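The values are calculated or read from the model by the stated rules, or taken from the named source; none is laboratory data. All values derive from a computational prediction rather than experimental measurement. Reconstructed Cβ throughout: ideal geometry from the backbone, glycine too, with neighbour counts over all protein chains shown. The accessibility values were calculated without ligands, DNA or RNA, using every heavy atom of the protein model including side chains. Shrake-Rupley method; radii C 1.70, N 1.55, O 1.52, S 1.80 Å.
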Amino acid sequence: MPVVELVRPEWGLIVPELILLGTIVVVLAGDLILPRRQHSALTWVALAGLALSLLSNLTIDWDAGQSTFNGMFKADYFSLFINIVVGLAGILSVMISSSYVEGAEEPGGLPLPEYLALLLFSILGTMLVGAAGDLLMIFLGIEMGSLAVYALTGFARRRTTSLEGALKYFLLGAFATAILIYGMAWTYGATGTTALDEIAARLRPVITGEGGIEASLLLALLLLAIGLGFKIAAVPFHMWTPDAYQGAPTPVSGYMSVVPKVAGFAAMARVLVQALGPLSDSWLTLIAILALATMVYGNVVAIAQRDVKRMLGYSSIGHTGYILVGLAAYSGMSADDRSVSSVLFYLFSYAFMNIGAFGVVTWLQARGLGVTLDDFRGLAARSPLAALAMTVFMLSLMGLPPLLGFYAKYYVILAAVQVGLIWLAVAVVVMSAVSAFFYLRVVAVMYFNEPVGDWKTQRTPLLGTGLALMAIGTLVFGLLSSPLLDLAQKWVQAFGVA
Amino acid sequence: MSELTSSHFLVLSAALFIIGMMGVLTRRNVLVIFMCVELMFNAVNVSFIGFAWEQNSLVGQTFALFIIAVAAAEAVVGLGIIMALSRRLDTVDIDKVRELRE
Amino acid sequence: MDGFPILSALTYVPLVGAAIIFFWPKASPQAARWVALGASLVSLALSLVMLAGFDTSASGMQFVERFEWLPALGVSYHFGVDGISVLLIVLSTLLTTIGIVASWSSIQHRVREYMITMLMLETGMLGVFVSLDLFLFYIFWEVMLIPMALLIGVWGSANRVYAAVKFFLYTLAGSLLMLVGIIALYQSYFEQTGIRTLDVLQLQQGNYGYTFQMWVFAAFFIAFAIKVPMWPFHTWLPDAHVEAPTAGSVLLAGVLLKMGGYGLLRFNLPLFPDAARDWAPVIIVLSVIGIIYGALVALVQPDLKKLVAYSSVSHMGFVTLGIFAFNAQGLYGAMIVMLSHGLVTSALFLCVGVIYDRGHTRLISRFGGLATNMPVYASFLGLFTFASLGLPGLSGFVGEFLSILGAFRAERAAGVIAFLVVIFSAWYMLWMYQRVAWQRAPGEPPDANDPEAKLAGDEPRPVMGGAEHGGDVVDPRTFRDVTWREAMTLAPLAVLTIWMGVYPQWFMNFLRTALELVAKPFGGIGF
Amino acid sequence: MNWSAFISSYIFAFIVLNVMLGLMAYMTYIERKVMAAMQDRVGPNRTGPFGLLQPIADGVKLLAKEDIVPKNADRLVFLIAPLISFVLAPLSAAVIPFGGTITVFGYDVNLYVADINVAVLYVLALGGMGVYGIILGGYASGSRYSLLGALRSAAQVVSYELVLGLSLVGIFILSGSLSLVEILNAQQQPLTLFGGAIQIPNWYILSQPLGFVLFLIAAVAETNRAPFDLPEAETELIGGFHTEYSGFRFSFFFLAEYINMIVVSFMAATLFLGGIDGPIADGVWWLAAKAALFLLFYIWLRTTLPRFRYDQLMGLAWKVLLPLAVINVALTGLIRLWGLGLL
Amino acid sequence: MLQGYAVIGLMLITAILMGSVLLLLGRLIRPYRPTPAKLQPYESGIPDVDPPKTRYTPRFYIVAMLFVIFDIEAIFLYPWAVSFVPLGAYGYVTAVVFLTILLAGLLYEWKKGALEWV
């Protein structure tokens, strides 16, 4: 009988997660206790829980880079940033969701408490990925996040397209998970451990040339990359994306374009950079090629789309490509290396602009319109503010200064140029120009065409506030990006603590 | 009968994994695809157990336990989706599930 | 005066105006107009104060404002002006004010949004001229893009969406290339010195390798060449000009095109002197082609705005020609051409706008005999036509003469060819003027005393040309002469045109120190 | 590999298989006799003395019956399904310890087929797999009654398997093992009370009364016996999943049910009643006696209780037994901690 | 240990053989006289109309899903139960937390009506 080392967790380090868990319990209990017409109060519970969880990050001493649960859980700057991104994305998602879920946009309506609980579960899972110190935690976090999102995708269960999107997402997601854990198994086999820092420590002889790279490690690397490639929808593992985005209830599309992606990239950073960093020579080229293929495919195919949700789905593939460029710019754990920080910052900005874009689509749907390009006709005449918000999001996604998206792209390009990946930087730029075609079309249709179709007035204060927040955030956070970037740059400190 | 080594586990696991993968890629019945995914999960479990056995550590076994649990949760979500969809479309043939096209 | 951030003030005043209109949802169109006019006038006044306070004898940047903004990236908030930008700033504020006045009554549709767009455009333009940090510059450069595209796309004429998108994509493509260039420059400087900075002045101290220079020069150059626009990057220009509303055309021709030339002088030459020298032959050839091409195409245009647009291509060719001659005459010439073109072409667009408002067409063949019933208008048009074709005593002559002289010194053949083209410009401008102002109006019977008309036959001139607005033909003989407001927009431009033609030295005083710095790497003697 | 041990184990396995079949045959006879007695009837008495040959006559009759495959049936599955049920049932008996080690012809023979360290898990797994036979049979019959019966059966079996599994956790806490042999050994040391004044057997029925009750109920349901014989309810489902089966294939399901019953009884005896533990006589007899007690209990239930309604059946499992089982686990843990002085 | 499984494997084969032999034996003596009526599925005397693979109540699926979840969770308890003593009080607290979550989930399902058999 091996000596079982008892775990004495530092509960203080997981306060944000605990608060979120508590919120979930309260929401579920509210579902049971409250009568149906009072369910909308749960929206506020969820928002308060998320905000509290976000604020509780202040109680933790991040500088120490502590870990608990035998190193399974890490409270370092990387996890802090992920917490911030995910918490904000969660708040914004809830804000754009409530009117949709409570409204009559979907046949048969949707149950709000379950929706919120699933959303919060997914957020919690993603936070765990961000704080993972072990392959096991990464796996559990990703699955916790993904499973909830599968369910959310098919949440409009009276609508076939929703279920269909969910099915495709689910089948490919589960397939990817299988590949991912097979990769983890091989990593474990090759290094004898599943702790990220330990893996890195055991691989260090490889870089100093004292040991060769085993074939099994390369296999593990490949499997991990493919598995995570599915999760972030990198080409050629993207097949589920457009269908899932189009089929899912609109706020869910917005949510799933951001948070699961954050989870995927957090896992990539944790696994590839923190654990397999010593093998970077083997994966950098792979990631760079993935990045190129992904952004080219996503942006080119997006041009042909008439359905705005589908278009945003393809464009999110394109953005995955941009973010991958940031990862491909990894050059070793030095204070100057901007690879992971550019990824983090991109994810932060992507949360604002993409949830915002889907939020506007939700806003339109609340007013009885559809989700195709034609439904955006003349929006500027009907509602100048909504059109302005959409314009801000579209231009930001395009990467136009001084909006947030520009800064994100700028940092990514900077990271790429810094390590001499000029060709990738140029590709990002060229693809940004290509993306102008379809983003601009939305703007053009809103401003240059005359309104068509019926329009019903509807009051959606929370959604409107959310959109305003995101639009302002998209405008302002770029200009004030300095502290954020400093924070993101501390990933070096986070990953360096062995 | 020769001694059992970790490569036995690994070969078995790889075989199962590849069978599952081929199943996912070639079969058209949603349920069969789903079962193939589950097969892949279990192949991974075999791998983990094999490695844990080889290294005489508990980590792999723990991991396998967690995989089992997650696979169960995954099965539940997946079956829910498949059930809801098949009740709407009256089919489990993935080629017939194609409303989401441009 | 010291310490007051006059540059920030004049840049952001229009933005404040835009914000006022935006957050005042019940503002009537008239109120929006007045707010916009007020904001642009404040900005104009501030720019004049700045001009008055500008020390022409000092070298280097003046009115500098600087603080760290994104220290992690070496980005600073750095504003400052020298002789080159100071004049362009005044040109911008002036033309924006004129543009707002010119759209007073011609824009009746979504007036609030229009004014917001105009003011944002002004902020963007001014920001481009005052920024001394590449990051900041790039931001303003892109900020400018959207309002201009909206101006064309929302308030333009029939084919406006196509033109707006084309304009946007061309410029965006160019500027993204520039972005790569900026980052490459940043990285290269960082590798040389270990300092992260995007400050233009600081980057000029760097020592860049030849290959690097060639590539990054090209990246910047294409961005600016699209803006100039230089042949063969010019195809967006005719569409944009033709479809844009009058004020849009004015600002496009008057200010936006200048940004290309400004960028070349501010960035390309000082940063990459070696590359500039080696690229110069190519650019000179392209400039000459552009000059000839613009002139020839302008000759056959039936559309007034297109004619002016192609004449812009031709005129702006002189700018690049002058710049890449790398001598005093060339550089002065380029700058004067830019300023003069800004005044004259804007004025010409305003003139076109005047008769477009009356006739709802831009086809030359639909006008005639305007000199008879619109004498004041015809005088203005005549003045600007002559200025445009380069009549001595008016602004166009000075600039073109200097830049041809510079080209002649640098590249004899180019100078000679460019000089010959001046004849073409006289041809198409005068022919246009003749048709619009003097020729018989459509439907007008021939003058019995005119021997030429007898030779041509006694038929009245046929009414021809596809009418744009439902075929309603307005007889040009019924046009009223310019209103006071229209005259107010044209008069300042006319005064400046004459002033520049008569006393160019006043303008050149401002430019001297700045151009000396630009020419320094090229052995810039002769100032 | 220890070949002699292997061969002796296999021989024992073969014996177990046949004993199970024989026991099953006479189980039907005993059931009929006991039921008859309880209902004041005579029961089978024509074939042989006291009707003792009745099971053999039944077997021969079934063997000679026509084997009908309905036209809607999925032929291959239809033919294989009963075999699955039949094969899996006696396999569970492989891990039951019938006694210690004895010496036969100079060879050491263990009175169990295999001592595997996850024996209980193994039994549960086989129980779960047994559902396949039922559900495949029901599905392949091509009949509504069969399919509905199979579905009900599957739902019932899985629900009660949960309770079954959880009811045993207490025993694992106490014994620290999943091996039946070790669980058995753990029950051999008598408990001494009052400073050795009284010695009582350390049977888990004493320390796990709640667990025992849960196990008992779940075991009855798991084997589809009355009052939980919903899947084959004649009055509602015309026999359920085996509606379409005839002849010997039908008897395979029958066999499987009775063998399961026997195995579960042996399990219960081993897990809760100290198995072979007992004074005077040889252990095997004690075990047999305890198991017989359970079997009689089965028959008693069948004659006494009416059938449950289906919603009651499922409600009982999920709403009553499952929470109770969980509470049992928590309580057992608490007591165990206290006993260890860790609290 | 492995030997135990080997014996069980052999036992499995034996059982399969025995079953097959019994079935084949029956084939020698049993009659085979199918008639159309005999081959009809049993429908309480009413002729069969359509194939029986129609829909059944989703309750069955729900039970299956609940089972999968709770069974796996139950399996989680086994390793803990076996090493109860070495894990001690801390392990117990952990397990109780786990069980509480399990029960809470059950309660939630209960209240949501997933356990009602309509």
Suppose we keep only residues that are in a helix (DSSP H, G or I), small (Gly, Ala, Ser) and surrounded by 18 or more Cβ atoms within 10 Å (Cβ to Cβ) within the stretch C:20-56. Which one would you say is farthest from the chain's Cα centre (by Cα)? C:Ala32
Looking only at the stretch D:135-155, count how many residues are part of a helix (DSSP H, G or I) and within 9 Å of chain E (Cβ to nearest Cβ). 10
In the list C:Lys258, C:Lys227, which residue meets the criterion of being of a type outside the set (A, V, I, L, M, F, W, C) and in contact with a His (Cβ under 9 Å, 6 or more places away or on another chain)? C:Lys258
Step by step: first the residues of the stretch D:110-134, then only those that are farther than 23 Å from E:Ala74 by Cβ and open to solvent by 20 Å² or more (accessible area, probe 1.4 Å), then the one that is farthest from the other protein chains (Cβ to nearest Cβ). Which residue is that? D:Leu111
Scan the stretch C:346-375 for residues that are among the polar types (S, T, N, Q) and buried (at least 24 other Cβ atoms within 10 Å of the Cβ) and jot them down. C:Ser346
Restricting the first residue to the stretch E:92-118 and requiring it to be closer than 22 Å to D:Leu334 by Cα, which pairs with a second residue that is β-branched (Val, Ile, Thr) and modelled with pLDDT of 85 or more meet a Cβ separation below 7 Å and a spacing of at least six or different chains? E:Leu99/D:Val326; E:Leu99/D:Val329; E:Leu102/D:Val326; E:Leu103/D:Val326
In the stretch D:135-172, the residues that are open to solvent by 30 Å² or more (accessible area, probe 1.4 Å) and over 19 Å from D:Val220 (Cβ atoms): D:Ile135, D:Leu136, D:Tyr139, D:Arg144, D:Tyr145, D:Leu148, D:Leu151
Does the stretch D:31-73 hold any residues that are in a loop (DSSP other than H, G, I, E, B) and crowded, with 17+ Cβ neighbours inside 10 Å, and which are they? D:Gly43, D:Pro44, D:Lys65, D:Asp67, D:Ile68, D:Val69, D:Pro70, D:Asn72, D:Ala73
One residue from C:Arg362, C:Arg409 being of a type in the set (Lys, Arg), farther than 20 Å from C:Ala280 by Cβ and modelled with pLDDT under 85: C:Arg362
Residues A:Ala425, A:Ala380, A:Ala351, A:Ala416: which one is part of a helix (DSSP H, G or I), out of contact with any Leu (no Cβ under 7 Å at 6 or more places or on another chain) and closer than 30 Å to C:Arg196 by Cβ? A:Ala425
Taking the stretch C:413-440 as the region of interest, how many residues are under 28 Å from C:Met374 (Cβ atoms) and out of contact with any Lys or Arg (no Cβ under 7 Å at 6 or more places or on another chain)? 16
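So that you can scan it fast, the table gives a plain yes or no per residue for (1) within 14 Å of chain B (Cβ to nearest Cβ); (2) surrounded by fewer than 21 Cβ atoms within 10 Å (Cβ to Cβ); (3) closer than 13 Å to A:Ala266 by Cβ:
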{"position": "A:Leu110", "(1), (2), (3)": "yes, no, no"}
{"position": "A:Met127", "(1), (2), (3)": "no, no, yes"}
{"position": "A:Gly133", "(1), (2), (3)": "yes, no, yes"}
{"position": "A:Ile142", "(1), (2), (3)": "yes, no, yes"}
{"position": "A:Ala148", "(1), (2), (3)": "yes, no, no"}
{"position": "A:Ala151", "(1), (2), (3)": "yes, no, no"}
{"position": "A:Ala156", "(1), (2), (3)": "yes, no, no"}
{"position": "A:Arg159", "(1), (2), (3)": "yes, yes, no"}
{"position": "A:Ser162", "(1), (2), (3)": "yes, no, no"}
Need at least 1 residues that are modelled with pLDDT of 75 or more, more than 8 Å from chain D (Cβ to nearest Cβ) and within 30 Å of D:Ala81 (Cβ to Cβ) per element, so show me which helices (runs of 4 or more DSSP H) inside the stretch E:20-118 make the cut, counting only ones lying wholly within it. E:59-82
Return the total of residues in the stretch A:226-283 being among the polar types (S, T, N, Q) and within 30 Å of A:Tyr100 (Cα to Cα). 5
Can you name every one of the helices (runs of 4 or more DSSP H) wholly within the stretch C:57-173 that holds 3 or more residues which are open to solvent by 10 Å² or more (accessible area, probe 1.4 Å) and away from every other protein chain (no Cβ under 11 Å)? C:83-102
Residue check, C:Gly181 against (1) touching a Phe, Trp or Tyr at 6+ places or on another chain (Cβ under 7 Å); (2) in a helix (DSSP H, G or I); (3) open to solvent by less than 10 Å² (accessible area, probe 1.4 Å); (4) more than 20 Å from A:Gly405 (Cα to Cα), all met but one. Which one? (4)
Any idea which of C:Val398, C:Val300 is at pLDDT 85 or above and surrounded by fewer than 23 Cβ atoms within 10 Å (Cβ to Cβ)? C:Val300
Any residue that is in contact with a Lys or Arg (Cβ under 8 Å, 6 or more places away or on another chain), buried (at least 23 other Cβ atoms within 10 Å of the Cβ) and at the interface with another protein chain (Cβ under 10 Å from one of its Cβ atoms) - is there at least one of those in the stretch A:474-483? no
In this structure, does A:Leu469 turn out to be within 19 Å of the chain's Cα centre (by Cα), surrounded by fewer than 24 Cβ atoms within 10 Å (Cβ to Cβ) and among the aliphatic types (A, V, I, L, M)? yes
Identify, by number, the condition in (1) facing chain C (nearest Cβ under 8 Å); (2) more than 23 Å from the chain's Cα centre (by Cα) that A:Gly453 doesn't meet. (1)
Taking the options A:Met431, A:Met394, name whichever one is within 13 Å of another protein chain (Cβ to nearest Cβ), in a helix (DSSP H, G or I) and farther than 23 Å from A:Ile91 by Cα. A:Met431
When residues of the stretch A:271-296 are filtered for being out of contact with any Gly (no Cβ under 8 Å at 6 or more places or on another chain) and not polar (S, T, N, Q), how many remain? 14
For A:Ala200, are the conditions met, namely being among the hydrophobic types (A, V, I, L, M, F, W, C), in contact with a Pro (Cβ under 8 Å, 6 or more places away or on another chain) and away from chain B (no Cβ under 11 Å)? yes
Against the condition of a type in the set (Gly, Ala, Ser) and modelled with pLDDT under 80, how does C:Gly415 come out, does it pass? no
State yes or no: is A:Val412 crowded, with 22+ Cβ neighbours inside 10 Å, within 17 Å of the chain's Cα centre (by Cα) and within 11 Å of chain C (Cβ to nearest Cβ)? yes
Restricting attention to the stretch B:1-45, which residues are among the aliphatic types (A, V, I, L, M), out of contact with any Gly (no Cβ under 8 Å at 6 or more places or on another chain) and touching a residue at least 40 places away in the same chain (Cβ under 8 Å)? B:Val30, B:Leu31
Which numbered condition A:Ser99 misses (of (1) farther than 16 Å from A:Ala248 by Cα; (2) open to solvent by 20 Å² or more (accessible area, probe 1.4 Å); (3) touching a residue at least 24 places away in the same chain (Cβ under 8 Å)): (1)
